[in-house]
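Student: Structure below; questions to follow.
The values are calculated or read from the model by the stated rules, or taken from the named source; none is laboratory data. Keep in mind the model is a prediction, meaning the values are calculated, not measured. Cβ: placed from backbone, ideal geometry, glycine included. Neighbour counts: every protein chain shown.
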Amino acid sequence: MLAIDLKFRRAQFVLAARAQIEPGTTGICGPSGCGKSTLLALIAGLLRPQEGSIRFGDQTLADSTTRAFLPAWKRHFGLVFQDGQLFPHLSVRDNLLYGYRRLEPGARRFELGHVTSLLEIEPLLERRPVQLSGGERSRVALGRALLYSPRLLLMDEPLSALDDRLKQQILPFLKRVRDETRIPMLYVTHSMAEVDYLADRVLRMENGTLS
């Protein structure tokens, strides 16, 4: 599904990654600063590798040899950050529908009612992000990504800002998303407990090297 063979340099840091990632949920685990988030940004199209290639199915996302590069907005991947990055001036409803409204009707795999029921966020629709708890913001950010009907869901430490009680509330929702939507996921975290709970397979990252 996803083929990575690349190098990326930033100052003294060098990231080298080679992997064939199959459908399902793949955990990418390693300590802080090892390059996990940088790898996700490369896959998302937020960064461009200086060497090598990234392919998704039969589509080339980046290739240094041919200088091919598909920008992030054309990759149609969903990205969930650790702080949610909700739009503060929009209601929860409008945050959820931000990407959905930009899709052609035929490209929409999920509807608002389905996602809000799946994540149990129906009572939050008219609130603003400032009125949400950390766990609620995490669920809304995940719902926004799902309603974009992504080909691949990229999750960058989505629970790192939450305490253990909230993590135990959110993890079952992530498992439901995995089981009910069947969207392929890359789940980046430093927590082995999270990937043990969610992932079909785990890749380790250490000092910029993926293995």
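Student: Can you find a residue in region 96-118 that is touching a strand residue (DSSP E or B) at 6+ places or on another chain (Cβ under 7 Å), hydrophobic (A, V, I, L, M, F, W, C) and under 22 Å from Gly27 (Cβ atoms)?
Tutor: No - not one qualifying residue is present in region 96-118.
Student: A further question follows. Checking His89 against (1) part of a helix (DSSP H, G or I); (2) without any contact (Cβ under 8 Å) to a residue 40 or more places away in the chain, which test does it fail?
Tutor: Status for His89: all satisfied but (1).
Student: Across region 194-211, which residue is modelled with the lowest pLDDT among those that are assigned to a strand (DSSP E or B) and surrounded by 13 or more Cβ atoms within 10 Å (Cβ to Cβ)?
Tutor: Top of the filtered list is Leu210.
Student: Out of the residues in region 87-120 that are touching a Gly at 6+ places or on another chain (Cβ under 9 Å) and of a type in the set (A, V, I, L, M), state the one that is farthest from Ile183 (Cα to Cα).
Tutor: Of everything passing the filter in region 87-120, Val92 is farthest from Ile183 (Cα to Cα).
Student: Can we say Phe77 is at pLDDT 95 or above, within 28 Å of Leu174 (Cα to Cα), under 14 Å from the mean Cα position of the chain (by Cα) and aromatic (Phe, Trp, Tyr)?
Tutor: When the stated conditions are applied, Phe77 passes them.
Student: Moving to a separate point now. Name the single residue, out of those in region 155-183 being touching a Phe, Trp or Tyr at 6+ places or on another chain (Cβ under 9 Å) and part of a loop (DSSP other than H, G, I, E, B), that is farthest from Glu120 (Cα to Cα).
Tutor: Per the stated criteria, the residue is Glu157.
Student: If I go through region 158-193 residue by residue, how many of them are of a type outside the set (A, V, I, L, M), in contact with a Ser or Thr (Cβ under 8 Å, 6 or more places away or on another chain) and at pLDDT 90 or above?
Tutor: Going through region 158-193 one residue at a time, the tally reaches 4.
Student: Residue by residue through region 4-22, note down the ones that are touching a residue at least 12 places away in the same chain (Cβ under 8 Å) and either assigned to a loop (DSSP other than H, G, I, E, B) or under 17 Å from the mean Cα position of the chain (by Cα) (or both).
Tutor: Correct list: Ile4, Ile21, Glu22.
Student: Another one. Among the residues of region 23-45, which ones are under 15 Å from Leu153 (Cβ atoms) and in a loop (DSSP other than H, G, I, E, B)?
Tutor: The answer is Pro23, Gly24, Gly45.
Student: Count, please, the residues in region 132-166 that happen to be over 18 Å from the mean Cα position of the chain (by Cα) and under 14 Å from Gly84 (Cα atoms).
Tutor: Total meeting the criteria: 2.
Student: Is it true that Arg204 is basic (Lys, Arg), touching a residue at least 40 places away in the same chain (Cβ under 8 Å) and within 29 Å of Gln12 (Cβ to Cβ)?
Tutor: It is true that Arg204 is basic (Lys, Arg), touching a residue at least 40 places away in the same chain (Cβ under 8 Å) and within 29 Å of Gln12 (Cβ to Cβ).
Student: On to the next question. Residues that are hydroxyl-bearing (Ser, Thr, Tyr), within 24 Å of Pro23 (Cα to Cα) and assigned to a loop (DSSP other than H, G, I, E, B): does region 124-140 have at least one?
Tutor: No: region 124-140 contains no residue that is hydroxyl-bearing (Ser, Thr, Tyr), within 24 Å of Pro23 (Cα to Cα) and assigned to a loop (DSSP other than H, G, I, E, B).
Student: Let me ask something else about it. Could you tell me whether Arg55 is outside any loop (DSSP other than H, G, I, E, B) and exposed (fewer than 15 other Cβ atoms within 10 Å of the Cβ)?
Tutor: No: the conditions fail for Arg55.
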